[in-house]
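Below: the structure, in structure tokens.
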Amino acid sequence: MSRYILPVSVFGTVFGCAVLLKNHVTGGRCSSKATITGKTVVITGANTGIGKGTAQELATRGGRIIMGCRDMEKCEAAAKEIRGNTLNPHVYACHLDLASMKSIREFAEIIKKKEQRVDVLINNAGVMRCPAWKTEDGFDMQFGVNHLGHFLLTNLLLDKLKESAPSRVINLASLAHIVGKIDFEDLNWEKKKFDTKQAYCQSKLANVLFTRELAKRLQGTGVTVNAVHPGVVATELGRHTGLHQSKFSSSVLSPFFSLLVKSPELGAQPIVYLAVSEEMEGVTGCYYDVMTEKEPAPQALDEEVACKLWEVSSRLVGLEEEGQASMSNPPAESQSKAAQTDPAQKHGQNLGAAVSAVGL
């Protein structure tokens, strides 16, 4: 028996250290017991992962939950599951494709017409390190979904958020923003060789810059906005990284990976904290690493870049500079000509005009 003591002790020590490290990394659960009965929460990408975990937690706290998702079959199934688990009947699925400006506008119109209020907007959906895909409107998929899609949605719902004040906007960022760079000369990877990692980092940096600029523009309205890195969470977000595609990573690294990575339920806790915690009342323009406020990367603090990104983004998604209202539709003749233009060419023209307009 004595020959087994040392191996067992070593294994026990390693396992115990891994558990302690995991508890430290996860940051624990939201300590606030606040309920949100009577409040409406809009969550993007809520049919799986962190979004689904957040939807369930906030439904448990009594909220009216609107789940905006691209795959309605999965969204309906998730909403039904959450209703059953929480006994909260006010959990709804609604179609939202963040890779389509048209879909975003349609979703926003439904919310504005059917919902009396929007107390919390959680911009959770995202894509990570996908191939060089383009959105319906010709944008780089990661920049288009992670930043431009949520930029447009948030602006379209601002009036409803202001009417519901005090209200909160929460943007899902990432630690990856620290190596991000906003390339105004080629935001959509049309001139340089596509780098899926850098494209992701750029989109996450854009999330933090957007958060800080929006907070400035919303001062005095009662609407707060903060960004959060939820930690490393086991979700479908990393399906394009190829982490578990080799036998070595699947058989050797996977067990240790699972010990150190959060479940979606724990990954949702930082978002829940920002959404309901009494401590967050009036706090705005901040970046949180899990549930701890931290200073973001230096490039995320550049106010000039944040302002320029806002102006470029506003033009790219078709919003007017003043009032964040939708721009009037072009004449029928112009629409006809635009329809005949190649999407990538049309997008390139729009981007060039937007960048030129802000003097870049």
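The values are calculated or read from the model by the stated rules, or taken from the named source; none is laboratory data. Note that the structure is a prediction, hence the values are computed from the model and not measured. Cβ sites come from the backbone with ideal geometry, for glycine too, and all protein chains shown count toward neighbours. Accessible surface is based on the protein model in full, side chains and every heavy atom, while ligands, DNA and RNA are left aside. Shrake-Rupley method; radii C 1.70, N 1.55, O 1.52, S 1.80 Å.
Structure notes:
- Cross-link reach list, aspartates and glutamates versus Lys294, counting only Cα pairs under 20 Å and skipping chain neighbours closer than eight places: Glu213, Glu278, Glu279, Glu281, Asp302, Glu303
- With a Förster radius of 22 Å applied to the beta-carbon distance between Phe184 and Glu295, the computed FRET efficiency rounds to 0.40.
- Accessible area per residue for the stretch 25-99, computed on protein heavy atoms with a 1.4 Å probe, is 43 Å².
- When the pairs Lys102/Lys134; Lys134/Lys197; Lys33/Lys160; Lys160/Lys216 are compared against a 20 Å limit on Cα-Cα distance, Lys33/Lys160 fall above it.
- Cα pair distances of the stretch 281-320 binned at 5 Å [whole percent]: 5, 18, 20, 18, 17, 15, 6, 0
- Mean projection of the Cα convex hull over all viewing directions, computed for the stretch 161-237: 6.7 nm².
- Net length gained if the chain between Met72 and Arg29 were fully extended (0.36 nm per residue, minus Cα distance): 12.5 nm
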